[in-house]
Amino acid sequence: MKKGLSITIILTGVIVVLAAALIGVLLYIRNQPEPVRGVEALVEIAAMEPDSAAWGINFPNQYSSFIQTENNNTRTNYGGSEPFSKLEVDPRLVTLFAGYGFSKEYNEDRGHANSLTDVQETARVGEKTPGTCYSCKSANNPSLWDQMGMAEYDKTPFSELGNHIDQPIGCANCHDADTMRLVVTNPALEEALEAQGKDWRTFTRQEMRTVVCANCHVEYYFLGEGKYLTFPWANGTNIDQIAAYYAQTFASGAFVKDWEHPQSGAPMIKMQHPEYELFTADSTHYNAGVACADCHMPYTREGAAKYSDHNVQSPLLNAETACGACHANVDYVTSRVKTIQDQVSATMLATEDAIVEAIGAIEAAAAVPDVDETLLNEARMLHRESQLYWDFIAAENSMGFHNPEEALRILAHATDLARQAQLKAIQAAGTPDVLQGSN
C-alpha cells in the first residue's frame with residue numbers, strides 16, 4: 001500500500017515538474033520577438049531600396065539569377081527576349097498602328113535588367129512623353145511613388161523624371177525589404193483591386209506569386225491631362241468587361257482614344273501586354289492553382305539551397321525545370337505548346353487580314369461624295385472594337401498559350417467585328433466598289 005502511494009506521489013511530482021517546464025518554455029517562446037525572415041540578414045536593406053545589388057548580399061542566389069536577364073536574349077518560336085522588330089516580321093502591323101508610335105518601332109522586349117535602357121532608347125518616346133511611361137520600368141518607382149504620390153509622378157515629364165531614375169526593374173518592385181514578403185507596389189494596381197473590393201494583403205503567398213506580376217503585366221491607359229495611370233478593371237478583368245469599360249469612357253468622354261487611325265478615322269485603343277488578365281480568365285493552369293512564378297521563375301537548386309529562379313524568361317527555355325515540375329513527359333508538353341501557338345498565330349494573322357481589309361474599305365467609303373456618315377461612323381467604331389479585341393491577344397506575350405480557348409474565342413470575335421466593319425463601309429458608300437480599296 002505504501003509502495004503504491006509512493007509511486008503515485010513520484011508520478012504526480014514528475015507531472016508537475018513537466019507541466020511547469022512546459023509553461024516556462026511556452027512563456028519563453030511567447031516573449032521572443034517575432035521573426036521577420038527565415039534566415040539571419042547579413043546587412044539591413046532600406047525600405048524600397050532601388051539597387052538590387054544591395055539585396056543580393058542577403059540573397060545571392062536570387063540576385064545572381066536575376067542579373068542573367070540582362071543577357072538572356074534567346075528567341076523562341078513566338079517571343080523570347082531577343083529584341084527583333086515585330087514590324088519586319090509582320091508588316092501588317094504598320095497599317096494596323098498607322099498614325100501611332102507602334103508603327104515606327106515595335107520590338108520584342110528584352111529581359112527585366114534591360115527595362116530602363118530599352119524604354120529610354122525607344123523611338124516611341126518624345127518631348128511630350130509623360131513620366132507615366134516609367135511606371136513599369138524601374139525599381140526606383142516604389143520610393144518615388146511614396147515621396148511624390150502617383151499623380152505628381154505621372155504628370156512629371158519623362159525627361160525630367162528620368163533624372164531621378166537609374167535602376168531597372170528589380171527586387172523593390174515585388175518585395176518588402178524587411179520581410180521579403182511579396183507586395184503590391186504599383187498604386188494603380190492597388191486602386192484597381194480596391195475598385196473590385198479586393199485587398200491584396202489578404203491574399204495567400206501563392207496568389208501573390210501571380211498578383212505581383214500585375215504590377216506591370218497588365219492592360220492600362222493614361223487618364224486625363226495628368227496622364228494618370230489607370231487599369232480598366234472597374235467592370236472586371238476579362239476582355240469583354242474591359243471592352244465594355246472603354247465603351248463607357250468613350251460615351252462619357254472620360255477617355256476617348258489613344259490615337260485616331262489616319263486611314264479609317266476610327267478612335268483607337270492600344271492594348272498593353274495583358275498577361276495577367278488573359279491568364280486569370282479561367283485558364284486551365286490558373287484554375288489548377290498554378291502561379292506565374294511557378295513557370296517563369298521555377299524553384300531550382302544549387303547545392304543544398306532551393307530558391308525561385310529570378311532569371312525570368314519563357315518556360316520553353318527551361319522546360320525540364322519549369323514544365324517538368326508537374327509534367328512527366330516534357331517533350332510532349334513542348335510539342336503541345338507549339339501546336340497551340342501555331343494555331344493561335346495562324347488565327348491571329350487571319351484576323352489581321354480582316355482588319356486591314358476593313359480599314360481599306362472604310363477609307364475608300366469615306367472618299368465617296370454621298371457617303372452615309374452615320375453608317376460610316378458605325379464602321380469606324382466596329383474597326384475600333386475589332387482591333388481592340390485582336391490586340392488583346394497580339395500584345396499579350398504568350399501567343400495565346402496562357403489561355404488557348406479564350407485566345408481563339410477573342411480572335412474569332414475580332415474577325416467577325418472586322419468583317420462587320422467592312423460590310424458597314426460598303427453599305428455607307430452604297431456601292432460594292434469600295435471593296436477594291438480593301439485589297
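The values are calculated or read from the model by the stated rules, or taken from the named source; none is laboratory data. Since this is a predicted model, take the numbers as computed values, not measurements. Every residue, glycine as well, gets a Cβ built from its backbone with ideal geometry; the counts of neighbours run over all protein chains shown.
Quick look at the numbers
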{"quantity": "Scope the range 192-230; condition modelled with pLDDT of 95 or more, in a helix (DSSP H, G or I) and more than 16 Å from the chain's Cα centre (by Cα); matching residues", "calculated": "Glu194, Trp200, Arg201, Thr202, Arg205, Gln206"}
{"quantity": "Residue match in the range 103-117 (condition: farther than 21 Å from Val211 by Cβ, of a type in the set (Asp, Glu) and buried (at least 16 other Cβ atoms within 10 Å of the Cβ))", "calculated": "yes"}
{"quantity": "Some residue of the range 371-388 being acidic (Asp, Glu), modelled with pLDDT under 95 and surrounded by fewer than 17 Cβ atoms within 10 Å (Cβ to Cβ)", "calculated": "no"}
{"quantity": "Considering residues of the range 126-150 that are among the hydrophobic types (A, V, I, L, M, F, W, C) and in a loop (DSSP other than H, G, I, E, B) only, the residue nearest to Phe231 (Cα to Cα)", "calculated": "Cys136"}
{"quantity": "Top-ranked residue in the range 278-309 [being more than 23 Å from Leu411 (Cα to Cα) and of a type in the set (D, E, K, R); ranked as nearest to the chain's Cα centre (by Cα)]", "calculated": "Asp294"}
{"quantity": "Pairs, first within 15 Å of Val125 (Cβ to Cβ) and at pLDDT 95 or above in the range 136-160, second acidic (Asp, Glu) and not in a helix (DSSP H, G or I), C-beta under 9 Å, six or more apart", "calculated": "Ser138/Asp166; Pro157/Glu127; Phe158/Glu127; Ser159/Glu127"}
{"quantity": "Helices (runs of 4 or more DSSP H) completely within the range 61-125 that count 3 or more residues being touching a residue at least 12 places away in the same chain (Cβ under 8 Å)", "calculated": "92-96, 115-121"}
{"quantity": "Test result for Cys326, in contact with a Lys or Arg (Cβ under 7 Å, 6 or more places away or on another chain) and at pLDDT 95 or above", "calculated": "no"}
{"quantity": "Near pairs, Cβ below 9 angstrom, 6+ apart or cross-chain, from the range 315-330 (touching a residue at least 60 places away in the same chain (Cβ under 8 Å)) to any residue that is not in a loop (DSSP other than H, G, I, E, B)", "calculated": "Leu316/Gly80; Leu316/Ala322; Leu316/Thr334; Leu316/Val337; Leu316/Lys338; Leu317/Gly80"}
{"quantity": "Residue in the range 237-247 that is under 21 Å from Gly289 (Cβ atoms) and either in contact with a His (Cβ under 6 Å, 6 or more places away or on another chain) or of a type outside the set (Phe, Trp, Tyr) (or both) present", "calculated": "yes"}
{"quantity": "Those residues of the range 348-404 which are closer than 11 Å to Ala428 by Cβ, in a helix (DSSP H, G or I) and of a type in the set (Asp, Glu), in sequence order", "calculated": "Glu373, Glu378"}
{"quantity": "Criterion: modelled with pLDDT of 95 or more, of a type outside the set (D, E, K, R), closer than 30 Å to His175 by Cα and part of a loop (DSSP other than H, G, I, E, B) - qualifying residue of Gly236, Gly265", "calculated": "Gly236"}
{"quantity": "Some residue of the range 321-339 being under 27 Å from the mean Cα position of the chain (by Cα), within 24 Å of Asp240 (Cβ to Cβ) and not β-branched (Val, Ile, Thr)", "calculated": "no"}
{"quantity": "Sole exception among (1) of a type outside the set (A, V, I, L, M, F, W, C); (2) over 18 Å from Ile269 (Cα atoms); (3) not in a helix (DSSP H, G or I) for Arg409, by number", "calculated": "(3)"}
{"quantity": "When residues of the range 82-109 are limited to those that are over 16 Å from Gln272 (Cα atoms) and in contact with a Ser or Thr (Cβ under 7 Å, 6 or more places away or on another chain), the one modelled with the highest pLDDT", "calculated": "Val94"}
{"quantity": "Single match in Gln272, Gln241, Gln248, Gln313 (criterion: under 24 Å from Val344 (Cβ atoms) and part of a helix (DSSP H, G or I))", "calculated": "Gln241"}
{"quantity": "Per-region count, the range 71-85, residues in contact with a helix residue (DSSP H, G or I) (Cβ under 6 Å, 6 or more places away or on another chain) and surrounded by 16 or more Cβ atoms within 10 Å (Cβ to Cβ)", "calculated": "2"}
{"quantity": "Residue in the range 329-346 that is assigned to a loop (DSSP other than H, G, I, E, B) and touching a His at 6+ places or on another chain (Cβ under 8 Å) present", "calculated": "no"}
